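Below you'll find the structure, written out as C-alpha cells, and then a few comments.
The values are calculated or read from the model by the stated rules, or taken from the named source; none is laboratory data. Owing to the predicted nature of the structure, the values given are computational and were not obtained by experimental measurement. Note that each Cβ is placed from the backbone with ideal geometry, even for glycine, and that neighbours are counted across all protein chains shown.
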C-alpha cells in the first residue's frame, strides 16, 4: 500500500481544493435558510450510515480488521464524485455540494471519533502512536485548509473559476480514479481476495444506504431532485479520505483495514451508474 501512503494525501488535498473552488459563503447560508433537505441528508450520512455499517459487521460476524475497515469507509464523508453523479441523475446539485462540503468539514471531528470508538469496540491493537487530536489535525491540514484556500481563490478569481468549473470537477474525479487505479494495479494479485473478503459486505452496505436514503428522502425531503441527491450522497463516499485516515492510523497489517475502502470504491461506481440509468429511464 505504498501508493496509498504517498499519493492519497496529495490527491485528497487537491480534491478538497477543487471542492473549495466551487463553494461560496452563500452555499453555507442556504443550509441555514432551507435546513430540511440538508438535515435529512446530513443525518442519513453522518449517523445512519455508520450505524448500518456497525450492524452489518455484527450480523455478518466480520473479523475485527474487516469490521474496522468497514467503519472506516462508512464514516467518511461524501466525495466530489457524488456531486458529478447527482448532476447526471438530475438531482439537486446545490444540495449535494452543500452536504459534501459541510460533512467534509465536520469529518475532521466525526471520523477520528468514530474510528477510535470502533478500534476500542472491536478490540484492535494499534501499534502506531496516534491520538484523536493528531488525526484531526492531519485531516484539518488536508481537508479543511485546501477547502478554505479554494474558497479564497474563488473569491478573487470568480470568473476564471466559473469558466473552468467543468475542468476542475473532471480533474477531481480523475484524481480519485487514479488513486484507486494505482492501488488496484499495485495489489492486482490480491484483488480477487479483496472482492471475496469484502465485496459482499460493501455491496450490501452500499445498496442498503442508497435504498434507505432514497425512501427516507421520499417521505422527508422536498422533492424528487432532493431524493435522488440524498440517495447518491448516502451511497458514494470519499474513498481517498478513508485511505488517508487508514494509512495514518494503521501501520501493521494495513492492507486488511484498507480492503473495504478499495472494494467499496469499485462497487459504488458500478451501483451509481446503474442508479443513474434507472432514474433516467423512469423520468
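Taking the condition touching a helix residue (DSSP H, G or I) at 6+ places or on another chain (Cβ under 8 Å), closer than 22 Å to residue 243 by Cβ and not in a helix (DSSP H, G or I), does residue 124 pass?
Yes, satisfied.
Identify the residue in the range 73-98 that is in a helix (DSSP H, G or I) and under 10 Å from the mean Cα position of the chain (by Cα) and, among all such residues, is nearest to residue 247 (Cα to Cα).
Selected residue: 73.
Of the residues in the range 246-283, how many are in a helix (DSSP H, G or I) and under 21 Å from residue 201 (Cα atoms)?
23
Could you say which residue among 174, 109 is under 29 Å from residue 276 (Cα atoms) and part of a helix (DSSP H, G or I)?
Result of the check over 174, 109: 174.
Considering only the range 182-196, state which residues are in contact with a helix residue (DSSP H, G or I) (Cβ under 6 Å, 6 or more places away or on another chain) and either surrounded by 18 or more Cβ atoms within 10 Å (Cβ to Cβ) or modelled with pLDDT of 90 or more (or both).
Matches in the range 182-196: 183, 194.
If a residue has to be surrounded by fewer than 17 Cβ atoms within 10 Å (Cβ to Cβ) and closer than 25 Å to residue 147 by Cβ to count, how many in the range 31-62 make the cut?
Result for the range 31-62: 8.
Among the residues of the range 67-78, are any at pLDDT below 85, within 23 Å of residue 44 (Cα to Cα) and surrounded by 24 or more Cβ atoms within 10 Å (Cβ to Cβ)?
So far as the range 67-78 goes, yes, one or more of its residues are at pLDDT below 85, within 23 Å of residue 44 (Cα to Cα) and surrounded by 24 or more Cβ atoms within 10 Å (Cβ to Cβ).
Say whether the condition of being buried (at least 24 other Cβ atoms within 10 Å of the Cβ) and under 18 Å from residue 97 (Cα atoms) is met by at least one residue in the range 240-263.
yes
Mind telling me which of the residues 56, 46, 39 ends up being part of a helix (DSSP H, G or I), at negative phi, touching a residue at least 24 places away in the same chain (Cβ under 8 Å) and within 18 Å of the chain's Cα centre (by Cα)?
46
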